[in-house]
2 protein chains.
Amino acid sequence: MEKVNLDEAFASFDERWSPRLAGELNGQAVKLAKVEGEFVWHRHDDADELFLVRSGELRIELRDEPDVVLTAGEFVVVPRGVEHRPVAEKEAEILLFEPVGTRNTGNVEDERTRTDVERIG
Amino acid sequence: MEKVNLDEAFASFDERWSPRLAGELNGQAVKLAKVEGEFVWHRHDDADELFLVRSGELRIELRDEPDVVLTAGEFVVVPRGVEHRPVAEKEAEILLFEPVGTRNTGNVEDERTRTDVERIG
């Protein structure tokens with residue numbers, strides 16, 4: 001049973017928009033990501049997705065609702081089927097919680113699509 | 001879509017060993033708990049359980065493995081079926097991630113057993 005230290009885990013990679021796997025439980029994945037700039041609009045038809053900000057600020061843009069702006073220590077759940085676009089004006093570190101196998105760009109194929117998620121450590 | 005601020009959420013209650021519901025997704029619950037002292041030895045036969053420490057220190061005692069000591073920003077997953085006892089020498093704030101309906105004392109009935117989990121906010 002190995003614990004994960006979030007500071008060390010985030011320090012272990014630098015790539016933006018490329019989530020790393022930090023843990024798995026009950027068919028769900030804990031992923032860590034460094035993000036900066038505008039991601040692609042997308043949705044996950046079969047997955048609710050939790051975004052928890054560890055450092056920096058993340059804006060989650062939504063089509064039919066006001067944006068949700070998260071700073072360190074704040075989280076939100078984007079329900080399945082809801083189109084969203086994560087945007088970070090500066091580098092932000094975020095923790096994602098979602099079903100194992102969830103693709104970062106959801107229903108969209110993009111140059112930043114990642115099908116393999118590298119495990120941390 | 002309501003965001004949760006962890007500082008505000010933890011400030012909203014004071015009871016020890018009584019998790020509050022902060023979010024739900026994919027059949028899983030995000031719970032927040034304030035803990036202090038020794039909890040009861042127990043296991044969850046059908047639920048892996050994630051412990052993430054937000055403040056303070058949490059020791060997770062295990063029967064057949066070394067204890068896992070978590071400080072702020074550290075998490076561990078206790079797999080289903082593994083007997084464990086959370087202990088906090090001083091007050092600690094922790095985030096739990098586990099299936100909806102998971103009972104805090106698992107297979108054990110105790111004065112601290114909580115079947116209802118109050119939602120935050």
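Here are a few things to note about the model shown:
- Long-range neighbours under 6 Å by Cβ, at least six apart or interchain, first residue assigned to a loop (DSSP other than H, G, I, E, B) within the stretch B:99-121, second buried (at least 18 other Cβ atoms within 10 Å of the Cβ) and aromatic (Phe, Trp, Tyr): B:ARG112/B:TRP17
- When the stretch A:32-46 is limited to residues that are in contact with a Ser or Thr (Cβ under 9 Å, 6 or more places away or on another chain) and open to solvent by 10 Å² or more (accessible area, probe 1.4 Å), the one that is farthest from the other protein chains (Cβ to nearest Cβ) turns out to be A:VAL40.
For (1) surrounded by fewer than 18 Cβ atoms within 10 Å (Cβ to Cβ); (2) more than 10 Å from every other protein chain (Cβ to nearest Cβ), each residue gets a yes or a no:
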| residue | (1), (2) |
| --- | --- |
| B:ARG20 | no, yes |
| B:VAL76 | no, no |
| B:HIS84 | no, no |
| B:ALA92 | no, yes |
| B:LEU95 | no, no |
| B:ARG119 | yes, yes |
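- For the stretch A:1-17, a residue qualifies if it is surrounded by 15 or more Cβ atoms within 10 Å (Cβ to Cβ), part of a helix (DSSP H, G or I) and at the interface with chain B (Cβ under 7 Å from one of its Cβ atoms), and exactly one does: A:LEU6.
- Unique match (being β-branched (Val, Ile, Thr), open to solvent by 20 Å² or more (accessible area, probe 1.4 Å) and in contact with an Asp or Glu (Cβ under 9 Å, 6 or more places away or on another chain)) among B:VAL69, B:VAL53: B:VAL69
The values are calculated or read from the model by the stated rules, or taken from the named source; none is laboratory data. The shown structure was predicted, so the numbers you read here are calculated from the model rather than taken from an experiment. Note that each Cβ is placed from the backbone with ideal geometry, even for glycine, and that neighbours are counted across all protein chains shown. Side chains included, ligands, DNA and RNA excluded: accessible areas come from the protein's heavy atoms. Shrake-Rupley method; radii C 1.70, N 1.55, O 1.52, S 1.80 Å.
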